[in-house]
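FYI, it's all coordinate maths here, none of it is from the lab. Just so it is clear, the model here is predicted, and its values are computed rather than measured. Counting neighbours? That spans all protein chains shown, and the Cβs are built from the backbone with ideal geometry, glycine included.
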Amino acid sequence: MFSLFKRLRRDIEAVFERDPAARSVLEVLLCYPGLKAIWAHRVAHWLWQRNFKLLARVISQISRFFTQIEIHPGAKIGEGVFIDHGCGVVIGETAEVGNNVTIYQGVTLGGTGKEKGKRHPTIGDNVVIGTGARILGSFTVGANSRIGAGAVVLREVPPNSTVVGNPGRVVVQNGVRTDQLDMIHMPDPIANMFDQMQRQIDKLTQRIERLEEENRALRRLQEGLAHGHPHLQ
């Protein structure tokens, strides 16, 4: 029982640590759907582990109705997890979420098909998952990583990484940039295509000019032979 109250207290502390808008415990208890969804999940998960699976699913669906957050009762949720706003969050059955993870609205921790067994991601400790991110598949997102808003992550993420884009790619790892991209100097695929076309045109033009020069030289030789020029005899 002490362990249960300790975990519930840690869930409340997580809200105050990561949301500057939180003003009082009463406000957090009454007005934060993410906290309500996590607490409902803790009850549902306890029942799921003891094979009361139908009742666990009913509780998770009731929680979904009131919070707009769907957490399958089979998912494993660590301590200090904070779901901010939360509308549209979906966490699948075999997902595992570590301690002190922050999840923003619209996040999906899902699978990629109808495969059996472990099919949802494992999220390491202290990970931040941005709004609308999709993490799909049975791989691990390493501890202390950050998943950018709208990213679609389909493969393993090393610890201490920042992932952005669709498909998601690591742009920072252990504090060091892994590419030279930024949000201002993004490559222009259309411009790159035209550059490649121009280079190809330049090569073809040079080749045509060489062929024409060879053709003119051949005609001069033929004309010289036809007129019997002494230096061509």
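Selection over the stretch 14-51 of residues that are of a type in the set (G, A, S) and over 19 Å from A75 (Cβ atoms) gives a count of 3. Can you pull out the residues in the stretch 127-160 that are among the β-branched types (V, I, T) and not in a strand (DSSP E or B)? Once the filter is applied, which keeps residues that are among the β-branched types (V, I, T) and not in a strand (DSSP E or B), the stretch 127-160 yields V127, T131.
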